[in-house]
1. Given the condition in contact with a Gly (Cβ under 7 Å, 6 or more places away or on another chain) and at pLDDT 95 or above, answer yes or no: does some residue in the range 154-167 qualify?
2. V89 versus (1) out of contact with any Pro (no Cβ under 6 Å at 6 or more places or on another chain); (2) crowded, with 18+ Cβ neighbours inside 10 Å: which is the lone unmet condition?
3. Looking at the range 181-196, which of its residues are closer than 20 Å to K139 by Cα and either assigned to a loop (DSSP other than H, G, I, E, B) or out of contact with any helix residue (DSSP H, G or I) (no Cβ under 8 Å at 6 or more places or on another chain) (or both)?
4. Please specify each residue of the range 285-342 satisfying the condition of being of a type outside the set (A, V, I, L, M) and over 23 Å from R71 (Cβ atoms).
5. Would you be able to tell me the number of residues in the range 193-226 that are polar (S, T, N, Q), surrounded by fewer than 23 Cβ atoms within 10 Å (Cβ to Cβ) and at pLDDT 95 or above?
6. May I ask you to list pairs of residues, at least six apart or on different chains, whose Cβ atoms are under 6 Å apart, with the first in the range 130-148 being within 14 Å of L226 (Cα to Cα) and the second being among the aromatic types (F, W, Y)?
7. With respect to E12, determine if the residue is modelled with pLDDT under 95, more than 19 Å from V90 (Cβ to Cβ), surrounded by fewer than 21 Cβ atoms within 10 Å (Cβ to Cβ) and of a type in the set (D, E).
8. Report, by residue number, each residue of the range 159-174 that is of a type in the set (S, T, Y) and either touching a His at 6+ places or on another chain (Cβ under 7 Å) or surrounded by fewer than 20 Cβ atoms within 10 Å (Cβ to Cβ) (or both).
Amino acid sequence: MRIVFFETEAMEDRYFEKHLSGHDLQFFHDTLTVSSLEKLDPVDVLSTFMYSDVDVAVLDALPDLKLVATRSTGFDHVALDECTSRGIVVSNVPSYGDNTVAEHTFALILTLARRLYEGCLNRIEGNFSARDLTGFDLKGKTIGVVGAGNIGINVVRIARGFGMTILVYDVKPKESLAEALDFRYVPLERLLNDSDIVSLHVPYNDATHHLIDREKFAMMRQGAYLINTARGGVVDQEALLEALDDGTLAGAGLDVLQGEEYIKEEKSVLSDSERTKALKAVGQNALILQRNNVVYTPHIGFNSREAMERILETTVDNILGFASDEPRNVVNPNVLEHRNKT
């Protein structure tokens with residue numbers, strides 16, 4: 001098969017060359033653009049990370065495409081319905097960072113709770129005073145976990161170790177799990193109202209776009225903290241700024257921002273329709289990032305050595321499984337039914 005990779009690094013290239021020997025591989029270290037596809041020979045498999053949009057224009061440029069193997073858990077950057085209608089299988093890496101992202105979540109929480117960021121800033125400025133750096137204990141505090149998938153459940157397990165009270169909102173509650181891990185499922189409004197810390201762990205889709213908006217911020221306990229290691233689009237950034245301004249939030253720990261691809265230069269080419277959106281996102285993000293009570297990491301919650309190894313292993317497994325007519329981790333299973341009928 002002819003396989004084209006985007007958003008890789010040299011180490012990843014070597015890994016894929018070793019484990020996908022016998023296939024025709026081509027690597028691009030930048031994000032995918034339609035222009036980068038123009039001179040390619042027919043492509044059977046396309047593998048990207050989360051910053052490359054696999055949209056209709058890309059699919060039109062790859063008429064022989066059979067598999068999109070995204071090296072991420074989320075697949076909102078892939079035109080899933082369009083792939084399905086064209087008979088293209090889409091696979092993902094569903095569980096590479098369960099504990100990794102959960103651990104990063106608590107890195108953000110502890111940074112806010114113990115005011116580590118402010119302490120580091122003071123040290124850089126030559127100020128070694130402990131004055132105005134009083135933090136708070138996690139023991140006895142209530143954490144609200146929005147989304148009890150694999151990552152959310154790992155957050156629950158860590159929170160238990162800190163002696164926290166744990167509330168969980170999920171669209172598919174599992175009471176046996178709640179009993180085993182000693183947490184309570186509650187409606188989202190109750191979770192927001194009763195939590196000292198709200199941590200987001202939902203996928204990004206139409207149902208979760210701006211899940212936390214002005215109405216939801218108004219439900220939150222005054223002086224609460226928001227943690228987002230999910231996707232930037234889950235939070236309405238205008239509403240986030242307002243909540244920080246009016247004291248609804250005492251702080252936020254963010255590993256993701258809406259429009260982060262623009263400030264990180266992950267999108268090297270912008271269409272005319274994207275320019276206004278990009279300028280707005282950059283402006284909002286600048287206002288958020290200049291605050292001392294906002295801790296931001298550039299979408300690195302997944303980025304541990306062990307998690308990266310799991311990404312590579314699963315991606316190879318997905319591609320080889322497809323090649324042997326045993327597709328794995330398929331996120332559009334309807335396409336398999338169509339393939340089987342034909």
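1. Start the filter on the range 154-167 by keeping residues that are in contact with a Gly (Cβ under 7 Å, 6 or more places away or on another chain), which leaves 163, 167.
Applying the additional criterion that residues be at pLDDT 95 or above yields 163, 167.
Yes: one or more hits.
2. (1)
3. D182, F183, L191, D194, S195, D196
4. N285, Q290, R291, N292, N293, Y296, E337, H338, N340, K341, T342
5. Residues meeting the conditions: 3.
6. What qualifies is V146/Y169.
7. Answer is no for this residue.
8. Answer for the range 159-174, where residues must be of a type in the set (S, T, Y) and either touching a His at 6+ places or on another chain (Cβ under 7 Å) or surrounded by fewer than 20 Cβ atoms within 10 Å (Cβ to Cβ) (or both): just T165.
The values are calculated or read from the model by the stated rules, or taken from the named source; none is laboratory data. These figures come from a predicted structure and were not determined experimentally. Every residue, glycine as well, gets a Cβ built from its backbone with ideal geometry; the counts of neighbours run over all protein chains shown.
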